Structure formats: C-alpha cells, structure tokens
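*Asks:* So that we are looking at the same thing, I have put the structure below in structure tokens.
We did not get these values from a lab; they are worked out from the coordinates using the rules stated. Model, not experiment: these values are computed from the prediction. Using ideal geometry, Cβ is built from the backbone for each residue, glycine included, and neighbour counts are taken over all protein chains shown.
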Amino acid sequence: MLGLGLLGAGVILTGLLGWYFLANWSLFRINRLEIKGLVRLSQEEVLKTADIGVSDNIFAVDVADIGRRLEAHPWISRAFVYRRLPDTLVIKIEEEVPVALTAVGGRLYLTDSRGRLFKVLEPKESASYPVINGVRPEMIIDGRLSPAIQPVLKLLADLRRPTSLLPVDKVSEILIRQDELVLITKDKVYVTFTLQDLEGQYQRLEKILAHLYNNGWYREVAAIRLDYPPGQAAVQFKGS
C-alpha cells in the first residue's frame, strides 16, 4: 500500500512538473494573436477587454476566462478562444447586430434580432434603426422584449427581406398599442397591424403596396389599416 501511495504521489508530482515546464517554456510563449469576426470593434479594444499579452505563455492563460471577459462586452454576442500550438492564440468574435432601438424608461437601447436590449445608445453613437416605442418596463423580461411583443421582431425580419416593398430603412418608428402595432414610415405613412397573424398581414401589405406603386398612388397614401378580418384592409388617402 505504501508503494502504491508513493507511486501515486510520484505520478501527480510528475504531472505538476510537466505542466510547470509547459507553462514556462519559451517555445509556448504567445507570439501571435488571431482575432476574427470584427466589424465594429477594433483589435485594440478586443485585446484590452481580453487582458492578454503577446508575451504570455499559451498554457498559462485561461481561455474560458478570456471568453467570459469578452462576452461581458456589450458589443460581443459570443466569443470563442482556443490555442493553436505552439504559439498562437485564436479569438473568434460574433458581434451584436442591432435591428432596432427600443425606447423604455427614458432611454434608447440597441436591440438585436432576438429582442435583447444589449446596450444603451450613447450620445456619441449614431444609429439609424427603427425606434420601438410604447414599451413599458414590465414588457422587458431578463433584458429582452417579452414574448407578448416579440412579433415586432418578426415584422422587422420581414421588412429586411431583399424583396420587401417596404424596406426597413424606410421605417421611422413602430408604436406598440395594447394588441396592435403601428408602423410609421419616414414619409409619414401609418400602417396598423394586430399582434396576431403578422405574417398574413404582411403578405396583404405587400399586395397593397404593389397595387399602389403600379398605379402611382403611393405618394397620396396617409394610412393603411390591416387590423381587419383576414383578407380585408383599408387604405386612407391624404385629404380624405
């Protein structure tokens, strides 16, 4: 039994010495950092957030901890950090992609396609996204838009389609009112949807817009109401 104990202690000691050797061998010093996936962020900002240096040993750094630090950055959705031996540390970043601004509590929050309010819009930041208005604090659950108003994200996804006759960059605001959404375009056309069957209403809107464009009537439109039974809608013209 004593022999087995000494053998076990020897194996542990050998393992510790081996790890110490790897963690201090200059061959495994980080000489190269690969940072992938950057769009908005700079390499300098990522390195500052990751808090690693080129002289660090590749085995001495905690890649999981680096990933957690990076994902705490508001513009980083996910971070993958791994070693490429002998001397390269790779950081792959997935940045947040805002699709809207959500107004709540007197602030504007950058909001992604999953409804996560990931960052307060700073005065120095420019953003030309549709503004979601009418959101009350209780409509935010764990930093996300509640399921009750998630349909607004589906509508925004439809508007981002390349074939959409109402491109999202023409939308100024989406106002949430109880069980309906009011989309306001930059040229002041008001489009009213219900929160149920948004896909069907969007398809009706596309047909209405195609008809209006083909006949040259769109410039005279003041409002389009889709909050009617399936297959029905109303178009209000300016001055009527």
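*Asks:* Looking at the chain, what % of its DSSP beta bridges pair antiparallel, to the nearest 5?
*Replies:* Expressed as a percentage, antiparallel bridges in the chain total about 75.
*Asks:* Of Lys119/Lys188; Lys207/Lys238; Lys186/Lys238, which sit over 22 Å apart, Cα to Cα?
*Replies:* Too far apart for the 22 Å limit: Lys119/Lys188.
*Asks:* Under a 5 Å amide H to amide H cut-off, with H placed in plane at 1.01 Å, what residues pair with Asn57 once short-range neighbours are removed?
*Replies:* It is Ile30, by chain and number.
*Asks:* Which FRET efficiency value, to the nearest 0.05, is calculated for Glu180 and Val97 with the Förster distance at 25 angstrom and r the Cβ-Cβ distance?
*Replies:* 0.40
*Asks:* Here is a further query. Could you grab the Rg to Rh ratio for the stretch 20-173? Cα atoms only, Kirkwood for Rh.
*Replies:* We get a ratio of 1.11 for the stretch 20-173.
*Asks:* For Ala223, what residues show an amide H to amide H distance below 5 Å, using hydrogens built from the backbone and excluding near sequence neighbours?
*Replies:* Close amide H contacts, sequence-distant or interchain: Tyr190, Gln236.
*Asks:* Could you work out how much longer the chain between Arg114 and Asp142 gets when fully extended? Use 0.36 nm per residue separation minus the Cα distance between them, nm to one decimal.
*Replies:* Difference between extended and current length: 8.8 nm.
*Asks:* Under a Cβ-Cβ cut-off of 15 Å, what is the net charge of the residues other than Gln178 that fall near it, where Lys and Arg count +1 and Asp and Glu count -1?
*Replies:* Here the count lands on -2.
*Asks:* Put +1 on the Cβ of every Lys and Arg and -1 on every Asp and Glu Cβ in the stretch 78-212; which of Pro86, Thr194, Val135 then has its Cα farthest towards the positive end of the dipole?
*Replies:* Pro86
*Asks:* For Lys154, list the lysines whose Cα falls under 18 Å from its own Cα; do not include residues on the same chain fewer than 8 positions away.
*Replies:* Cα-Cα hits under 18 Å: Lys170.
*Asks:* For the chain, what is the mean residue ellipticity at 222 nm derived from helices alone (per DSSP H run of n ≥ 4: -39500 (n - 2.57); sum divided by total residues; nearest 500 deg cm²/dmol)?
*Replies:* -8500 deg cm²/dmol
*Asks:* Please compute the net charge surrounding Leu89, taking Lys and Arg as +1 and Asp and Glu as -1 over other residues with Cβ under 9 Å from its Cβ.
*Replies:* 0
*Asks:* In the chain, which whole DSSP H runs stretch at least 30 Å along their own axis (Cα) and average -0.5 or higher on the Kyte-Doolittle scale?
*Replies:* Length and hydropathy pass: 2-24.
*Asks:* Cβ neighbours within 10 Å, averaged per peptide: list 130-138, 148-156 in order, most packed at the top.
*Replies:* Highest mean packing first, the order is 148-156, 130-138.
*Asks:* Within the set of other residues whose C-beta is less than 13 Å from the C-beta of Ala222, count the net charge using Lys and Arg as +1 and Asp and Glu as -1.
*Replies:* So the surrounding residues net to +2.
*Asks:* Aspartates and glutamates within cross-link reach of Lys48: Cα-Cα under 18 Å, excluding same-chain residues under 8 positions apart?
*Replies:* In chain and number order, the partners are Glu34, Asp56, Asp62, Asp65, Glu71, Glu94, Glu95.
*Asks:* Another question, then. Could you size up the charge dipole of the stretch 94-240 around its Cα centre, putting +1 on the beta carbon of Lys and Arg and -1 on that of Asp and Glu, and report it in debye to the nearest 20?
*Replies:* Computed about the Cα centre, the dipole is about 340 debye.
*Asks:* What Rg and what Dmax come out for the stretch 29-95 when only alpha-carbon atoms are used, in angstroms?
*Replies:* Over the stretch 29-95's Cα set, Rg and Dmax evaluate to 10.9, 32 Å.
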